[in-house]
Amino acid sequence: MRLVFLGAPGVGKGTQAEKIAVQYGIAKISTGDLLREAVRAQTALGKDAKSYMDQGKLVPDSVVIGLVRDKLSEPGCAGGFVLDGFPRTVPQAEELGKVLSQKSIRLDRVINFQVSREDVVKRLSGRRSCPKCQATFHVDFAPPKASDRCDRCGDGLVQRSDDKREAIETRLKVYEEQTAPLIDYYDRQGVLTHLDGGGAVENVYQALTKVLTPYKKA
Ligand code: AMP
């Protein structure tokens, strides 16, 4: 199964990608996670990417495309993958198309998660994450047992710098201008399904697995 999860920041793509990757035994490729890893490891790429990310802007296409190309060549992706947060621009989508056709494979489905702007802002501004084990929580919807401490490893929770108000506004604007055109792009290719991403994680997951069942390989 080869999938792309599209949608504005905060629609829950990452959460659903995580679950789908486990359920179908495929690789989850999240460019946001790969970039945050590079920032933490203070690699040259991470140092370059950090200022774009902190402001909520997109990291240049060439950087992200290189990361995804390398990842797709790893043996772990041979059995299928779900791309979370990539592509985010038309040039990225075109490049992905080229990489896949070189490998003689195609996307099975692109899922466009839809959530109201108001809910997206609530989800992002209340999100907290653990810098040590990367577990995520939400102050209202999924609060940690002890406030500000990770349930899993006990480390102090933090708010991602790009989940602060100003960066959220920038990310949503960037999404509208640069990523939303991909909805039409994939619709024209006949691989797009819209999915209501509002509501509880489990309900969205049930609806998602229903959509994906016909594409499950024997
Ligand atoms: P995410 O975790 O997917 O919300 O991504 C966090 C940040 O990483 C974004 O706001 C961008 O700065 C950067 N990023 C992630 N994926 C991409 C991408 N495909 N193209 C450019 N920048 C990206």
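The values are calculated or read from the model by the stated rules, or taken from the named source; none is laboratory data. The structure presented is a predicted model; accordingly, all values stated were derived computationally and were not measured. Ideal geometry is used to build each Cβ from the backbone, glycine not excepted, and the neighbour counts take in all protein chains shown. Note: areas computed on protein heavy atoms with side chains; ligands, DNA, RNA excluded. Shrake-Rupley method; radii C 1.70, N 1.55, O 1.52, S 1.80 Å.
So the label point goes 7 Å from the Cα of Lys173 along Cα→C-beta, right? Which residues of region 34-57 then have their backbone N under 18 Å from it? Under 18 Å, as judged by backbone N against the label point of Lys173, lie 51-57 of region 34-57. Only sites in a loop by DSSP and with at most 14 other Cβ atoms within 10 Å count here; which trypsin sites (Lys or Arg not before Pro) in region 122-216 make the cut? Sites meeting the loop and neighbour criteria: Lys132, Lys145, Arg152, Lys164, Lys216.
Screening the chain for DSSP H helices whose Cα atoms reach 20 Å or more along their own axis and whose mean Kyte hydropathy is at least 1.0 gives nothing. Our note on the geometry: Cα centres of region 140-186 and region 187-217, 21 Å apart.
Heavy-atom surface analysis with a 1.4 Å probe gives region 97-146 a carbon and sulfur content of 50 percent of its accessible area.
As a test, work out the antiparallel percent of DSSP beta bridges whose residues both lie in the chain, rounded to the nearest 5. Walk me through the numbers before you get to the answer.
Details: 6 of 23 bridges.
For the chain, the DSSP antiparallel bridge percentage is about 25.
What Kirkwood hydrodynamic radius do you get for region 11-102 when you take the inverse of the mean 1/r over all pairs of distinct Cα atoms, in Å?
Working: mean 1/r = 0.0726 Å⁻¹.
Computed over region 11-102, the radius equals 13.8 Å.
Taking max minus min of the alpha-carbon positions on each principal axis, region 118-218 gives extents of 46, 37, 23 Å, largest first. Which shape class, rounded, prolate or oblate, goes with the chain when its Cα gyration tensor gives a ≥ b ≥ c as root eigenvalues, a/c under 1.5 marks rounded, and past that a/b bigger than b/c marks prolate? Note, shape of the chain comes out rounded. If only the Cβ of Lys and Arg carry +1 and only the Cβ of Asp and Glu carry -1, the dipole of the chain around its Cα centre is close to 460 debye.
Computed over neighbours whose Cβ is under 15 Å from that of Cys153, the net charge equals +2, Lys and Arg +1, Asp and Glu -1.
Cross-link reach is defined here as a Cα-Cα straight distance under 23 Å, omitting same-chain residues fewer than 8 places apart; for Lys50 the lysines meeting it are Lys13, Lys28, Lys71, Lys132, Lys164, Lys173.
Multiplying the residue separation of Ala180 and Cys153 by 0.36 nm and removing their Cα-Cα distance gives an extension gain of 6.0 nm. A Förster distance of 45 Å, applied to the separation of the beta-carbon atoms of Glu37 and Thr213, puts the FRET efficiency at 0.90. Of all aspartates and glutamates in the structure, the ones whose alpha carbon falls short of 15 Å from that of Lys216, not counting any fewer than 8 places away in one chain, are Asp108.
Averaged over its residues, the chain has an accessible area of 52 Å² per residue, based on protein heavy atoms and a 1.4 Å probe.
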